[in-house]
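First the structure, in the form of structure tokens, and then the observations on it.
The values are calculated or read from the model by the stated rules, or taken from the named source; none is laboratory data. Owing to the predicted nature of the structure, the values given are computational and were not obtained by experimental measurement. Neighbour counts run over all protein chains shown; Cβ positions are idealised from the backbone, glycine included.
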Amino acid sequence: MDLNQAILYAQLVNAAYAISPNNTNNAAGQIVPVGAVNYQVVTSIFANDLATDMNPERGNSRISIGLILQVATAGDVVIAIRGTEGIQEWVHDAELLLVTCPFLPGAGHTEDGFTAMYMSMTTTLDPKCPRVTQALSGLNFPRPVTSITICGHSLGGALATLLALDVAANTAFKNPAVYTYASPRAGGPQFAATYNQVVPNTNRIAGRLDLVPKLPLPPLYEHVLGLFELNSVQLGLPPRILIKPELACLHILTSYLFLLSRQVGGAVLPPKPECVL
């Protein structure tokens, strides 16, 4: 895995996080600088929020969940999907039911909450408009599309996994690259096997001590391939704790960026101050 690319796409996911979920204005036309590269927002992505047993009404709220961007001087397209605060409730109370994968016959089963949210993802606020996958070919890209990379953190990682299989199987963009960070399992063994065959160019980055990537549990659920594991404890005598061993600190994207950038050897991206001992 190219660590510099992993950091780049994580920063684009951070750009999606920078937009409040309640800000439902379309960010189309905005420029997002990442290092020396400028990305132009083609459209925002909207979805129904993640419903949980603690807050079932959350699923009726439309939120901003991601961005579709294109390099300002090239044809590379990136779809970046953020997580949601609902993942904390999901960890504690989700029933973790499986449903038949709705967009690819024979692809097994997917987690019901993630699937419902994924199927509500559109490029407009109207949930009745075509889903993101169906809308891709009609988007007003400034330049011809030469590649698509799909990336997401936490719940956004599960949504990115579903989107990647849908894009690869049901659009002209047959070989998307995928980078997920702290993603939970999105489906069962048959789903994972289908995904691994159809979307081989996948990088699934997970913290060794992060709880969320360990859920939902096998054997009903299975991770897709492409694991790159990050360790928040530096081995040695004595070992050094790099990230405070708390769920929020181990899971937040800034901690992943910190651990990734430490491995590259250049400038280290700082973690949240409250996540350092």
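Could you give me the residue pairs with C-beta distances under 8 Å whose first residue belongs to the stretch 115-137 and is farther than 20 Å from Lys174 by Cβ, whose second residue is of a type outside the set (A, V, I, L, M, F, W, C) and part of a helix (DSSP H, G or I) wherever it lies, and which are 6+ apart or on separate chains?
Ala116/Gly59; Met117/Gly59
Report, by residue number, each residue of the stretch 224-277 that is part of a loop (DSSP other than H, G, I, E, B), at negative phi and not hydrophobic (A, V, I, L, M, F, W, C).
Within the stretch 224-277, Asn231, Ser232, Pro238, Pro239, Lys244, Pro245, Glu246, Gly266, Pro270, Pro271, Lys272 meet the criteria.
Mind checking whether some residue in the stretch 62-77 is among the aliphatic types (A, V, I, L, M) and surrounded by fewer than 18 Cβ atoms within 10 Å (Cβ to Cβ)?
Checked against the condition, which is being among the aliphatic types (A, V, I, L, M) and surrounded by fewer than 18 Cβ atoms within 10 Å (Cβ to Cβ), the stretch 62-77 yields at least one hit.
Quick check: anything in the stretch 58-67 in a strand (DSSP E or B), farther than 18 Å from Leu163 by Cβ and without any contact (Cβ under 8 Å) to a residue 40 or more places away in the chain?
No, the stretch 58-67 contains no residue that is in a strand (DSSP E or B), farther than 18 Å from Leu163 by Cβ and without any contact (Cβ under 8 Å) to a residue 40 or more places away in the chain.
Tell me yes or no: at least one residue of the stretch 227-242 is of a type in the set (Lys, Arg) and at pLDDT 95 or above.
no
Can you spot a residue in the stretch 28-47 that is under 21 Å from Ala248 (Cα atoms) and buried (at least 17 other Cβ atoms within 10 Å of the Cβ)?
No, the stretch 28-47 contains no residue that is under 21 Å from Ala248 (Cα atoms) and buried (at least 17 other Cβ atoms within 10 Å of the Cβ).
Got a sec? Which strands (runs of 3 or more DSSP E) wholly within the stretch 119-222 have at least 1 residues that are under 28 Å from Phe258 (Cβ atoms) and touching a Cys at 6+ places or on another chain (Cβ under 8 Å)?
177-181
Find the residue count for the stretch 99-118, including only residues that are touching a Phe, Trp or Tyr at 6+ places or on another chain (Cβ under 8 Å) and not β-branched (Val, Ile, Thr).
So the answer is 6.
Hey, among the residues in the stretch 182-210 that are touching a helix residue (DSSP H, G or I) at 6+ places or on another chain (Cβ under 6 Å) and more than 14 Å from Gly152 (Cα to Cα), which one's surrounded by the most Cβ atoms within 10 Å (Cβ to Cβ)?
The residue in question is Tyr195.
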